[in-house]
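**Student:** Attaching a single structure in C-alpha cells format; questions to follow.
Computed from the coordinates by the stated procedures, all read-outs in this text should not be read as laboratory data. Because the structure is predicted, anything quoted here is derived from the model rather than measured. We place every Cβ from the backbone using ideal geometry, glycine too, and count neighbours over all the protein chains shown.
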Amino acid sequence: MSAQGWPRYVPIADHALLVSFADSIADSTSAAVLGLDRALAKSPPEGLLECSPALVSLLIKFDPLVTDHVQVQKAAEALHRTPPLDSNEGTVREVEVCYEGEFAPDIAAVAEASRLSVDEVIDCHLKGNYQVRMYGFAPGYAYMSGVPTAIQVPRKAAAVRDIAAGSVLVAGPQCLVTTLKMPTGWSIIGRSPTSILTSDESAPFLFDVGDQVRFKRISIAQYESRRATATP
Amino acid sequence: MTEATLRIKACGPLVSYQDGGRPGMLRFGVPASGPMDQLAHAAAHAALGNPDGSTAVEISTGGIDLVCEAGEVTFCVSGGDFQVFHSGAWTRSWCVRTLRAGDTLAIRPGQWGSWAYLAFCGELVCKQWAGRTATHSTSGIGGGSLSAGAVVKLRDTRVVEEREGEIPVPDLARPRKSARVVLGPQIGAFSAGSEAVLLGHEFAVTPANDRMGMRLSGPALALNDALAILSEPIVRGSIQVAGDGVASILLADHQTIGGYPKIATIVSVDLDWLAQLRAPDSIRFTAVEASEAVLMARSEASMRRQYLEQISVPRGNLQTRLMRENLISGFILG
C-alpha cells in the first residue's frame, strides 16, 4: 500500500506533525490522507488536539504539555497500517446552483475554451463526481476534486476582486463554492443559495473533508426564493 | 443586574473583540484567531479575577478613545508599553483602574508593542460564531471590529477596588532579539544556502504587519525551483517564503492552507512577544530541535502559570500590596 519512503513524518515547531503521503495529487493519496484522518478521529492518541487534511498531507496538532512528536508519530504509524478510507464512504451532500445570467460571468469563456456550448458545460459540470479534499484559503472554502476533464480550464492570469459569497468556481480539476466576498482567479460559472457556513453551532459547516457533493441545477426564480426563505 | 455602556469616540483599524480563540477548526479553513499576544490577554483577565479565555478588546497601535456613558466597571489594560489616559490621569499599560459614568479613557502606543488588551470586571456583550467571540479579521466572523461611534455594552459589571493598581510586566512578555524556530516542514523546497541565510542574518519587521501575519525584509531565501509545492497546512508561527524570496511569519488569523513553502516554524512560546514587534524592529532566528522545543513549551508553561496565579490574587489594602509587590518583583527579577 505504501510507496518506498512514504509516508514522511516532519515535526512542526513544538506542537504539530506533518504526515506527507506523496508529492503529487492522486486519488489513492487522498484516500490515505482521509484514512489516517478518520483513524485518528476514531482512536485519538493522548494529547491530540486536531487534524487538518490537505491534498497530499495531514497536519496533526497536539498539546506539547501532554505528548510529543515521537509519541504522536508512533500512534500515526500504527494507525496508518489500517486500510485507507474507501473514496465512496463520505456522506453525499447536494448543492444547488443557478448557472444563469450575472451569476455565471465566466461560463461563456469556459465554454469557448472547452469548445462546448454553455448548456454542454452545465451538463458536464452537473455530471461530475465531486469529493471534498480539503478546506483552505478562508473559512468554509471547501476544495472539491472531480471537475470533468472536458471543462477543466486554468486559473485566470489575475484575480478579480469582490466576488460574491455563494459563487461556484472552477479551476483545473477543482471546484469550490465561496462563503465570503473575496478575490478569486478561478472561473465563476454559477451561484448557489446553499449555505456552506451554517448557523448551527455544533456543525457550522455543511461538509466534512471526504464528503461527496452533487450539484443540482436551479433557475433564477428558484435561487431568489431560496435566498428569500434563507434570510431571517 | 449591573450594566455599563461605553461609546467609542475614535478608534484605529484592527481593534476587535477577542476571547481566548477558536481552536479545532483548521480542517474547515478557520484559524484559531484569538489574541495576538496570548500572555498579555491572559494577564488582563487574571488581574481582574476573570475566567481565562474571557472576551477583551484587542487594540492596535491605532489606539482607542472612549467615554463611559453609564455604569461603573473596573478594567485592566495589558500588553506592550501603551499609554493610558484615564480622566485626567496618565499611566501605562499593565494597570487596573475603575471607569465611572462620564470618565474618558484613551489608549495610545508607547515605547514598544503592537497590541494592547482592554478587559473588564464584567461581560462584554458581543456576537459569537461557533461559540466564540474571537474575531477573524479577514472574514469578520466572531465579535467583530470596533469603529468610531460604536457602543460597547457590558453586563454583570463590578467595581473591585482591591484589584486596582499596577501589575508587573513579566520578562516573558518583553520582545527579544532572537526567536527560536524548528526548521521545516518544507526546508527541502529551498536552495542549499537558504538555511544559513535564515539563521545567519538579521531580518526586519515591515509595516505589512497585521493579524494575518508579519512580512519581513532581509536577505532573500532562495527557493529550489525543481518542484512547486502543493498546498500544505499552515500553523501559527509558520515562516512562509513567497516566490520573490521574501519571508512572512503567519500569525493569529493565518490562512490554514498555502502553496508557499515554509522554511521554519517559530516555537509557540516565542509567538507572544514576537507579535508585539513593530516596524522596523529587527529579529534573528535560532534553530532548535523539535524535542527541545517541546521542553521549552513545558518549562515556560509553568512560568506562565506561576505569573498568572501571582497577579490573580487581589492586592488588598496598602500594606498587603507593598508586601506582594516586593514578592513579585523578586520573582520577576529572579
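**Student:** So if I place +1 on the C-beta of Lys and Arg and -1 on the C-beta of Asp and Glu, and nothing else carries charge, what would the dipole magnitude of the protein assembly as shown be about its Cα centre? I want it in debye, nearest 20. Walk me through the numbers before you get to the answer.
**Tutor:** Working: 50 positive and 58 negative charges, 85 e Å.
Dipole size: approximately 400 debye.
**Student:** Ok, one more. For chain B, return all DSSP H helices satisfying: extent of Cα atoms along own axis at least 20 Å; mean Kyte-Doolittle hydropathy at least -1.0.
**Tutor:** B:290-312, B:318-333
**Student:** OK, next. Cα centroids of the range B:114-162 and the range A:1-80: how far apart, whole angstrom?
**Tutor:** Distance between centres, Cα-based: 36 Å.
**Student:** Next question, about the same structure. If you place +1 on the Cβ of every Lys and Arg, -1 on the Cβ of every Asp and Glu, and leave all else neutral, what size is the dipole of the range A:99-141 about its Cα centre, to the nearest 20 Debye? Numbers along the way, then the final one.
**Tutor:** On the way: 3 positive and 7 negative charges, 69 e Å.
Computed charge dipole of the range A:99-141: roughly 340 debye.
**Student:** Looking at the range A:88-213, what % of its DSSP beta bridges pair antiparallel, to the nearest 5? Mind showing how you got there, number by number?
**Tutor:** Working: 20 of 22 bridges.
Here the share of antiparallel DSSP bridges comes out near 90 percent.
**Student:** Hey, another quick one. For each of A:Lys61, A:Lys42, count neighbouring Cβ atoms within 10 Å of the residue's Cβ, then give the residues from fewest to most.
**Tutor:** Placing the least packed residue first, the sequence is A:Lys42, A:Lys61.
**Student:** Using the Cα centre as the reference, give the magnitude of the dipole from point charges on the C-beta atoms of chain B (Lys, Arg: +1; Asp, Glu: -1; all else neutral), rounded to the nearest 20 debye.
**Tutor:** Magnitude of the dipole: close to 260 debye.
**Student:** In a GNM of chain B with a 10 Å cut-off on Cα contacts, which of B:Arg305, B:Arg176, B:Arg100 has the highest mean-square fluctuation?
**Tutor:** Of the options given, B:Arg305 has the highest mean-square fluctuation.
**Student:** Return the percentage of antiparallel bridges among DSSP beta bridges fully within chain B, rounded to the nearest 5 %. List each step's numbers first, then the result.
**Tutor:** Numbers: 67 of 71 bridges.
If I count the DSSP bridges inside chain B, around 95 percent turn out antiparallel.
**Student:** With θ taken as phi - 60° and the coefficients 6.51, -1.76 and 1.60, list the Karplus ³J(HN,Hα) couplings across the range B:70-86 in order, rounded to whole Hz; mark glycine and proline as x.
**Tutor:** Once θ is set to phi - 60°, the couplings for the range B:70-86 become 7, x, 8, 7, 7, 9, 10, 10, 10, x, x, 10, 10, 8, 10, 10, 10 Hz.
**Student:** Could you state the number of Å between the C-alpha centres of the range B:214-273 and the range A:103-129?
**Tutor:** Taking the Cα centre of each part, the range A:103-129 and the range B:214-273 sit 36 Å apart.
**Student:** According to the square roots a ≥ b ≥ c of the eigenvalues of the Cα gyration tensor, what is the shape class of the range A:92-230, taking rounded for a/c under 1.5, prolate for a/b larger than b/c otherwise, and oblate for the remainder? Please list the in-between numbers first.
**Tutor:** Working: a/c = 1.43, a/b = 1.30, b/c = 1.10.
Rounded shape, in that the Cα axes give a/c under 1.5.
**Student:** In terms of modelled amide H atoms, which long-range or inter-chain residues lie less than 5 Å from the amide H of B:Glu69?
**Tutor:** HN-HN under 5 Å from B:Glu69: B:Thr5, B:Leu6, B:Arg7, B:Gly102.
**Student:** What do you get for the angle between helix A:118-127 and the principal long axis of chain A? Use alpha-carbon atoms, 0 to 90 degrees, nearest ten.
**Tutor:** 30
**Student:** Mind scanning A:Lys216/B:Lys127; A:Lys181/B:Lys127; A:Lys61/A:Lys127; B:Lys9/B:Lys177; A:Lys181/A:Lys216; A:Lys61/A:Lys216 and naming the pairs with a C-alpha gap bigger than 29 Å? Don't jump to the answer; show the numbers that get you there.
**Tutor:** On the way: A:Lys216/B:Lys127 34 Å; A:Lys181/B:Lys127 20 Å; A:Lys61/A:Lys127 37 Å; B:Lys9/B:Lys177 37 Å; A:Lys181/A:Lys216 23 Å; A:Lys61/A:Lys216 36 Å.
Beyond 29 Å: A:Lys216/B:Lys127; A:Lys61/A:Lys127; B:Lys9/B:Lys177; A:Lys61/A:Lys216.
**Student:** For an R0 of 41 angstrom, estimate the FRET efficiency from the Cβ-Cβ distance between B:Val151 and A:Thr198 and round to the nearest 0.05.
**Tutor:** Numbers: r = 29 Å, r/R0 = 0.71.
With a Förster radius of 41 Å, E is 0.90.
**Student:** Follow-up question, since we're still on this one. So for the range B:125-211, taking the charge dipole from beta-carbon charges (+1 Lys/Arg, -1 Asp/Glu), which of B:Gly143, B:Pro207, B:Ile167 sits furthest toward the positive end?
**Tutor:** Towards the positive end, the residue furthest out is B:Gly143.
**Student:** Please tell me the relative contact order of the range B:178-288 in percent, rounded to the nearest whole number, where contacts are Cα pairs under 8 Å and at least six residues apart. List each step's numbers first, then the result.
**Tutor:** On the way: 249 pairs, mean separation 46.5, N = 111.
Normalised by residue count, the contact order of the range B:178-288 is 42 percent.
**Student:** Which whole number gives the average count of other chain Cβ atoms within 10 Å of the Cβ atoms across peptide B:133-146?
**Tutor:** Values: counts 0, 0, 0, 3, 0, 4, 9, 1, 7, 0, 0, 0, 0, 0.
Shielding by partners across B:133-146 averages 2.
**Student:** Using only Cα atoms, tell me the angle between helix A:27-42 and the longest principal axis of chain A; keep it within 0 to 90° and round to the nearest 10.
**Tutor:** That helix lies at roughly 60 degrees to the long axis.
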